[in-house]
Amino acid sequence: MLKKKICLLGSYGVGKTSLVARYVHSMFADKYHTTVGVKIDKKVLDVEGQELTLMLWDMAGEEDGAPVRLNQVKDASGYLLVADGTRGKTLDVARSIQQRVESEIGSRPFLLLINKADLRETWEVSDTDLASSGWTVIETSAKSGQHVEEAFATLSSRMLQAQADDSEDDD
Amino acid sequence: MTPKTTTDDLFAPLGLAVFERLPTGLFQAVGHLPAWLPVKEDSVDLAGHFPILEIFLPECEALWQAGGPAPMQSDVWTEPDHAGGEIYLQAVAAAAGGRHFIALRSLPAALFTYQQLAHDFELEKEKVERLSHELEAKRREAERATQAKSDFLATMSHEIRTPLNAIIGMADVLSSTSLTGEQKKCVDIFQRNGVALLNLINDILDLSRVESGHVELEATDLDLREVVARAMEVVEVRATAKGLSLRQTIAPDVPRYLIGDPNRLRQIIINLLGNSIKFTDHGGLEVKVEPDPENTGPGRLRFAITDTGIGIPEDKLGLIFESFSQADSSTTRRYGGTGLGLTISKQLVELMDGRIWVESQVGVGSTFFFTARFQVQQDQSERTAQDTPQTTHASLAELEARAAGLRILLVDDSEDNRILILSYLKKTRSTIDIAEDGQRAVEFFRTGHYDVVLMDVEMPVMDGYQATREIRRIEKESGAPPTPVLALTAHAFAEMKVKGYEAGFTDLLTKPIRQTTLLEALAKHGSSGGSGSSEAERPVVAPASIRIRVEEGMEDVVPGYLAKRRAEVAVYRERLGAGDFDAIRKLAHKMKGTGGGYGFPKLTELGAALEKGAIQSDTSAIRENLDEFALYLESVKLEYLS
């Protein structure tokens, strides 16, 4: 049985917990509930006939004075950077986290999710903001479910691809 | 005897679940496991249950191998509890007596309440900031829209008033000529509807100005009795035409001399009276002024305009002061009007710190009330007629006489308006030079002498403000006293007035300009002799009549010929204003060829002089000859043999 760890990283209040709740339990709660420490959930997938268990590490949102615990990210196979489209500065937080991950624990497959796509018309984040990074960006809505499955599926296949590349290198 | 308590039994009440590490790598519960722990077996794979310990336990092993003494603790994590809520856990590692322990402890939720509150607060704060940004943007947008509306109205006002000026003015001119009964009727309709349209435009502009806060009330001396009387005068004709009586009662304890805005007060009374007349077919109207019974205080007055009209149904009483509403939309068709007058009145009354309301009974009549606050003048002693400005209207002929013989520079880019002004001034025997734009006006002003300048404001090349500033500069340089500059503008906005006076306008006439208004202004400003040269240096020319004998057989054509030449004077001046020397040359050439033939060798001579002037583009020569031409035409008296 294949098991992969995915971390959800980003500022507080961007919807990391809601994305997991939508993905794993098909639920959404409007009320904001901050995450204490880390909350671990799992989801079993079938990828091309193979069972894959995703361990989803929903980590407390980064805030001033409480940066993301990078030691929990170390053994992750990939991560989702989450930002809130209605709050422009959460995109900066996501970028800064990505830089720290990259420089301190190295490169991992990741995606940038811009959440709250149901409020698209009030977004502060613009298309030009997103285009500049060259990253894979997915607009999601934990509320409506838009692109949530796709986001996790895309990251999973990236991780599996990365694993395959690694083992080829090993040969 | 109390039962023996082991330390193990204390762990659960303390909120601790303690495990000892077995050599197998599994963990053995020590004492009773607490109910909150989602682990029930005695021997467990802790990291399997709590994946976060996959990171923590290897670190513990390393510490234990090294024989480190200090306890260490894991990061906090969240687990679901069996009631559908959450618990917050932390692992602590310790070594004692060569044995290794992991304790899991449940942290009270209250420890994290601050975190929830801080995030809630931050998110709300951001939301408020976003909303206030949006609000600010909307406010700016609204401001821009208001500005655009204001600009639009200013432009529209100008664009509409300019042609209206020509229409009403020309109708006035036309009505003063001899007309058949049928024609007179048509001209009356022109006049009436032109004025109605103008009033409507004024109302719309007025309302938008009041609404956008552009109207500031004046605080000048006012004579209440006179304001009421003047308002009654305005509506008198309409009331009389409908056979309605008009009465006014001013309570004896109402102070007569107040400080306030007489024009706006009069406007309110006229609006209310006009409205009452519209809806009253029998009986009469009364204006009553008394101290405000509900709000006593010096200068607090209550006005009541009572009619015996159709009345207003009770459910419509509140509506009638709203824009574009009459009690019944069918009344618009029957009685006309837009109902804007009442809305404007309401706004003005509110500016006067008062309120307006109506009491009415269908079929009996209505009373419109409004209150207003004024300051009371100290001196309430009766003024003699000399104290108050002359308000009686001089007749047209008197005005023409008073404005006679002026040298006027007319500056206007609209040919229609030039012709209109010229026809207004036809009988004043004024000498009029015409400039089509501000720049030509300044050129004229440098070389000519004028008693008064009539200056349009909006013109191509150089506008009226700039031209007036130039004129003031020229006067300053030469030390000449200021020539009255009367601005002609279709813009009725207060800010235009300020700008105009700053530029040096002496007075401002708002288009459409009525003939009497223009003549009054000329009589007032022109005769004061601003240039100093008008009365003193210039000989008063009282043209002696020049008798011309009409040759036999020419009786039918000579008067017509002469009339055409008289009409041409204005055309020459107009073309000269436009710098169109070619047109002048053509006209003059024709006159040179015909004058003698009709028995006017002087006209041939003047035609030749004008033609020469035109060929040489000599403005001042043309002007001199034109003056002579005009004077000659005025003096000519035809004599017939028979």
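The values are calculated or read from the model by the stated rules, or taken from the named source; none is laboratory data. Predicted model only: the values in this text are computed from it and were never measured. Cβ atoms come from the backbone with ideal geometry, glycine included; neighbour counts cover every protein chain shown.
Across region A:16-43, what is the total count of residues that are in contact (Cβ under 8 Å) with a residue 24 or more places away in the chain, within 12 Å of chain B (Cβ to nearest Cβ) and at positive phi? The number of residues fulfilling the criteria is 0. Please verify whether region A:44-55 includes one or more residues that are within 10 Å of another protein chain (Cβ to nearest Cβ) and in contact with a helix residue (DSSP H, G or I) (Cβ under 7 Å, 6 or more places away or on another chain). No, region A:44-55 has no match at all.
Screening region B:104-116 for residues that are facing chain A (nearest Cβ under 9 Å) and assigned to a helix (DSSP H, G or I) and picking the one that is farthest from A:E62 (Cα to Cα) gives B:L111. Quick check: is even one residue across region B:74-88 at pLDDT below 90, closer than 30 Å to A:L119 by Cβ, within 13 Å of chain A (Cβ to nearest Cβ) and in a loop (DSSP other than H, G, I, E, B)? Yes; the residues of region B:74-88 include at least one that is at pLDDT below 90, closer than 30 Å to A:L119 by Cβ, within 13 Å of chain A (Cβ to nearest Cβ) and in a loop (DSSP other than H, G, I, E, B). Examine region B:63-72 for a residue that is closer than 25 Å to A:V73 by Cα, in contact with a strand residue (DSSP E or B) (Cβ under 7 Å, 6 or more places away or on another chain) and within 12 Å of chain A (Cβ to nearest Cβ), and state whether such a residue exists. Checking region B:63-72: not a single residue is closer than 25 Å to A:V73 by Cα, in contact with a strand residue (DSSP E or B) (Cβ under 7 Å, 6 or more places away or on another chain) and within 12 Å of chain A (Cβ to nearest Cβ).
Per the listing B:L207, B:L273, B:L285, the residue uniquely crowded, with 18+ Cβ neighbours inside 10 Å, under 23 Å from B:S366 (Cβ atoms) and in contact with an Asp or Glu (Cβ under 6 Å, 6 or more places away or on another chain) is B:L285.
Among the residues making up region B:447-468, a single one is closer than 16 Å to B:G504 by Cβ and surrounded by fewer than 17 Cβ atoms within 10 Å (Cβ to Cβ): B:Q466.
Can you pull out the residues in region B:299-319 that are assigned to a strand (DSSP E or B) and either among the aromatic types (F, W, Y) or farther than 24 Å from B:L265 by Cβ (or both)? Residue satisfying the conditions is B:F303 alone. Remark: B:E59 matches the filter, which requires a residue to be farther than 30 Å from B:V210 by Cβ, within 13 Å of chain A (Cβ to nearest Cβ), surrounded by 10 or more Cβ atoms within 10 Å (Cβ to Cβ) and over 60 Å from the mean Cα position of the chain (by Cα). Considering only region B:84-96, I want to know if a residue exists there that is touching a residue at least 40 places away in the same chain (Cβ under 8 Å), within 29 Å of A:M59 (Cβ to Cβ) and β-branched (V, I, T). Yes; the residues of region B:84-96 include at least one that is touching a residue at least 40 places away in the same chain (Cβ under 8 Å), within 29 Å of A:M59 (Cβ to Cβ) and β-branched (V, I, T).
The residues listed here are B:E141, B:E126; of these, the one that is loosely packed, with under 12 Cβ neighbours inside 10 Å and either out of contact with any Phe, Trp or Tyr (no Cβ under 8 Å at 6 or more places or on another chain) or of a type in the set (D, E) (or both) is B:E141. Restricting attention to region B:89-100, report how many residues are more than 9 Å from chain A (Cβ to nearest Cβ) and closer than 15 Å to B:L37 by Cβ. Adding up the residues that qualify gives 2. Being at the interface with another protein chain (Cβ under 10 Å from one of its Cβ atoms) and not in a strand (DSSP E or B) is a property that holds for B:E122. Please go through region B:32-73 and pick out each residue that is polar (S, T, N, Q) and closer than 19 Å to B:L22 by Cβ. Of everything in region B:32-73, those that are polar (S, T, N, Q) and closer than 19 Å to B:L22 by Cβ turn out to be B:S43, B:Q65.
Selection of region B:39-56 for residues being within 14 Å of chain A (Cβ to nearest Cβ) and outside any helix (DSSP H, G or I) yields B:F50, B:P51, B:I52. When each of A:G88, A:G13 is tested for being within 13 Å of chain B (Cβ to nearest Cβ), touching a His at 6+ places or on another chain (Cβ under 7 Å) and not hydroxyl-bearing (S, T, Y), the lone residue that passes is A:G13.
Scanning region B:16-38 for residues that are buried (at least 17 other Cβ atoms within 10 Å of the Cβ) and either β-branched (V, I, T) or within 14 Å of chain A (Cβ to nearest Cβ) (or both) returns B:V18, B:V30.
Within region A:11-27, identify whether any single residue is of a type outside the set (D, E) and within 18 Å of B:E54 (Cβ to Cβ), and answer yes or no. For region A:11-27, residues of a type outside the set (D, E) and within 18 Å of B:E54 (Cβ to Cβ): absent. What do you reckon, is B:S617 of a type in the set (S, T, Y), part of a loop (DSSP other than H, G, I, E, B) and modelled with pLDDT of 85 or more? Here the answer is yes, as B:S617 does meet what is asked.
Within region A:148-171, being touching a Leu at 6+ places or on another chain (Cβ under 8 Å) and of a type outside the set (A, V, I, L, M, F, W, C) holds for A:T154, A:S156, A:R158.
One residue stands out among those in region B:223-238 that are in contact with a strand residue (DSSP E or B) (Cβ under 8 Å, 6 or more places away or on another chain) and at pLDDT 90 or above: the one that is farthest from B:R302 (Cα to Cα), which is B:D223. Mind checking whether some residue in region A:101-122 is more than 14 Å from chain B (Cβ to nearest Cβ), assigned to a helix (DSSP H, G or I), aromatic (F, W, Y) and over 19 Å from A:G13 (Cβ atoms)? No, because not a single residue in region A:101-122 is more than 14 Å from chain B (Cβ to nearest Cβ), assigned to a helix (DSSP H, G or I), aromatic (F, W, Y) and over 19 Å from A:G13 (Cβ atoms).
Take B:Q191 and decide whether it is touching a helix residue (DSSP H, G or I) at 6+ places or on another chain (Cβ under 7 Å) and either assigned to a helix (DSSP H, G or I) or farther than 30 Å from B:G309 by Cα (or both). It is true that B:Q191 is touching a helix residue (DSSP H, G or I) at 6+ places or on another chain (Cβ under 7 Å) and either assigned to a helix (DSSP H, G or I) or farther than 30 Å from B:G309 by Cα (or both). Restricted to region A:68-85, and to residues there that are away from chain B (no Cβ under 13 Å) and not in a loop (DSSP other than H, G, I, E, B), the residue that is nearest to the chain's Cα centre (by Cα) is A:L80. Of the strands (runs of 3 or more DSSP E) contained entirely in region B:360-458, those carrying at least 2 residues that are over 30 Å from B:T619 (Cβ atoms) and at pLDDT 90 or above fall at B:365-373. If only residues of region B:133-153 that are of a type in the set (G, A, S) and more than 14 Å from chain A (Cβ to nearest Cβ) are counted, the one that is nearest to A:W123 (Cα to Cα) is B:A142. Annotation for region A:59-67: at least one member residue is in contact with a helix residue (DSSP H, G or I) (Cβ under 9 Å, 6 or more places away or on another chain), buried (at least 19 other Cβ atoms within 10 Å of the Cβ), at pLDDT below 95 and facing chain B (nearest Cβ under 10 Å).
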